[in-house]
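Chemist: Take a look at the following structure, please.
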Amino acid sequence: MDKEVNQPNHIRPIFQNIPFWNPTKILDHEIGKKIHRMDLNECPYSPSPKVIEAMSGVADTLNRYPDGTCPELTPIMAERIGVPENTITWGGGSTQLLTSIAEISVAPGQNLVTPELVWKRFHGVYKIVDAEVSWVPNKADGGIDVEALTGAIGNDTRLLVCITPNNPTGMMLSEEEIRHVSENTPENVLLFMDEAYHEFAVHAGGPDALEIMRDRKGPWAITRTFSKAYAMAGVRLGYAICSSPETVDAIRMVSSTFNLNGFAEAAAVAALKDAEYTQFILDKNAEERDRIVEGLRELGYEPMKSVTNFVSCDIGRPGMEVVKAMRERGIRISTVGGDNFINYIRVSMGIPEDTDAFLRELKEVLG
Ligand SMILES: Cc1ncc(COP(=O)(O)O)c(C=O)c1O
């Protein structure tokens, strides 16, 4: 018998023949060179010195499993956002939690409703739960069409996915739009709001989804992260705020018992206390975003209305070609995805030197 042919049989059909894509991979031609990493919506600044100090302070406890319920961090967070402690749970990045939220609500073959233009990882999540997916086209400007989204809910729908601000557009929903989703998602459907870029939205004067969704009668969950505005992507810490302790318990069950690393809680406590540093990151990000938007306009392009740490823009030719050409020049950016947005690129904010390099090289690439 041919071993290679038989090998995939232990893998469920939906997971067969999926090549692994490693977004952090350094290509051969990049090794040892100066690379402007503007493709993963990371924070270009190191974590706060106080975070680094706090992490060093717990390094000698790493022989022990950490308490994943974060008994020191949870009360601080609960008080800050005004929710009961037993409605917060923690994950190895919000990525882990959004997968868990889909797993606890959607059985194989059941329906979920989602915008068409979402962060790429959601495609993988929908595959993992083997859902029947209703993809709802975004509006022409890239914004989420909330009326079409709630209009797509059917009798078999278990989960409605919404993201504000959305990746890859950077656009946020208005207070009215969040209210529409919250009020028009039936009580038997879990309303999930991904708010990974929450701090940036608030910094830009946008709404706080929690303030609107906490009035909702039906079930809901919101995820946020320490990866972006707190400069802690490498720590892998996110949290979910849920409408009930039962939702929290179900998420904990599927997310594994020891799902956090031993640095995460101490790092997050220190980060929350260092408001000045977070403000520095948000202010610097807004400055560079303004420069990128202005620079793109000077080149004759009109970017999407981002409030986040990345900007997407129609550059009038296949985005993938430009991504490849830029990568050859040491600038890592990404595409946007979605059939109607193939001519777009997405660039994450860096330090001023990254902005200079991006605009200089883009001008040459676009001729
Ligand atoms: C919309 C969105 N949600 C979630 C995440 C994942 O963040 P985390 O680092 O918390 O897993 C990202 C990362 O880029 C994102 O863009």
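Chemist: Any idea which of (1) touching a residue at least 60 places away in the same chain (Cβ under 8 Å); (2) open to solvent by 20 Å² or more (accessible area, probe 1.4 Å); (3) away from the ligand (no atom under 14 Å from the Cβ) is the one Cys242 doesn't satisfy?
Modeler: Going through (1) touching a residue at least 60 places away in the same chain (Cβ under 8 Å); (2) open to solvent by 20 Å² or more (accessible area, probe 1.4 Å); (3) away from the ligand (no atom under 14 Å from the Cβ) one by one, Cys242 breaks only (2).
Chemist: Only one of Thr185, Thr169, Thr164 is among the hydroxyl-bearing types (Ser, Thr, Tyr), closer than 30 Å to Asp290 by Cβ and touching a Ser or Thr at 6+ places or on another chain (Cβ under 8 Å). Can you tell me which?
Modeler: Thr169
Chemist: Right, something else. Is it fair to say Thr61 is open to solvent by less than 20 Å² (accessible area, probe 1.4 Å) and β-branched (Val, Ile, Thr)?
Modeler: no
Chemist: Any residue that is away from the ligand (no atom under 13 Å from the Cβ) and touching a residue at least 60 places away in the same chain (Cβ under 8 Å) - is there at least one of those in the range 224-237?
Modeler: no
Chemist: Let me confirm something: among Asn166, Asn188, which residue is within 16 Å of the ligand (Cβ to nearest atom) and outside any helix (DSSP H, G or I)?
Modeler: None of the others qualify; the one that does is Asn166.
Chemist: State the number of residues belonging to the range 125-141 that are at pLDDT 95 or above and small (Gly, Ala, Ser).
Modeler: Of the residues in that region, 2 qualify.
Chemist: Among the residues of the range 273-284, are any in a helix (DSSP H, G or I) and within 16 Å of Ile88 (Cα to Cα)?
Modeler: No, there is no match, as no residue in the range 273-284 is in a helix (DSSP H, G or I) and within 16 Å of Ile88 (Cα to Cα).
Chemist: Tell me whether the range 19-33 contains one or more residues that are touching a helix residue (DSSP H, G or I) at 6+ places or on another chain (Cβ under 9 Å), away from the ligand (no atom under 16 Å from the Cβ) and open to solvent by 40 Å² or more (accessible area, probe 1.4 Å).
Modeler: The answer is yes, given that some residue of the range 19-33 is touching a helix residue (DSSP H, G or I) at 6+ places or on another chain (Cβ under 9 Å), away from the ligand (no atom under 16 Å from the Cβ) and open to solvent by 40 Å² or more (accessible area, probe 1.4 Å).
Chemist: Quick check: anything in the range 321-329 among the aliphatic types (A, V, I, L, M) and either closer than 23 Å to Leu173 by Cα or open to solvent by 70 Å² or more (accessible area, probe 1.4 Å) (or both)?
Modeler: No, the range 321-329 has no match at all.
Chemist: Exactly one condition in (1) in contact with a Ser or Thr (Cβ under 7 Å, 6 or more places away or on another chain); (2) open to solvent by 30 Å² or more (accessible area, probe 1.4 Å) is false for Gly316; which is it?
Modeler: Status for Gly316: all satisfied but (1).
Chemist: Looking only at the range 263-313, how many residues end up being small (Gly, Ala, Ser), farther than 26 Å from Asn340 by Cβ and open to solvent by 60 Å² or more (accessible area, probe 1.4 Å)?
Modeler: Matching residues across the range 263-313 total 1.
Chemist: Can I ask one more? Report, by residue number, each residue of the range 75-91 that is out of contact with any Ser or Thr (no Cβ under 9 Å at 6 or more places or on another chain), without any contact (Cβ under 8 Å) to a residue 60 or more places away in the chain and either open to solvent by 50 Å² or more (accessible area, probe 1.4 Å) or part of a strand (DSSP E or B) (or both).
Modeler: Glu79
Chemist: Please determine, by comparing only the residues of the range 130-162 that are in contact with a helix residue (DSSP H, G or I) (Cβ under 8 Å, 6 or more places away or on another chain) and assigned to a strand (DSSP E or B), which one is most open to solvent (accessible area, probe 1.4 Å).
Modeler: Residue satisfying both the conditions and the ranking: Arg158.
Chemist: Further question: Scan the range 169-193 for residues that are touching a helix residue (DSSP H, G or I) at 6+ places or on another chain (Cβ under 8 Å) and under 24 Å from Ile342 (Cβ atoms) and jot them down.
Modeler: Met172
Chemist: Can Gly109 be described as within 16 Å of the ligand (Cβ to nearest atom) and either surrounded by fewer than 19 Cβ atoms within 10 Å (Cβ to Cβ) or at pLDDT below 95 (or both)?
Modeler: In short, no.
The values are calculated or read from the model by the stated rules, or taken from the named source; none is laboratory data. Everything quoted here is computed from the prediction, not taken from an experiment. Cβ: placed from backbone, ideal geometry, glycine included. Neighbour counts: every protein chain shown. Surface areas here come from the heavy atoms of the whole protein model, side chains and all, with no ligands, DNA or RNA. Shrake-Rupley method; radii C 1.70, N 1.55, O 1.52, S 1.80 Å.
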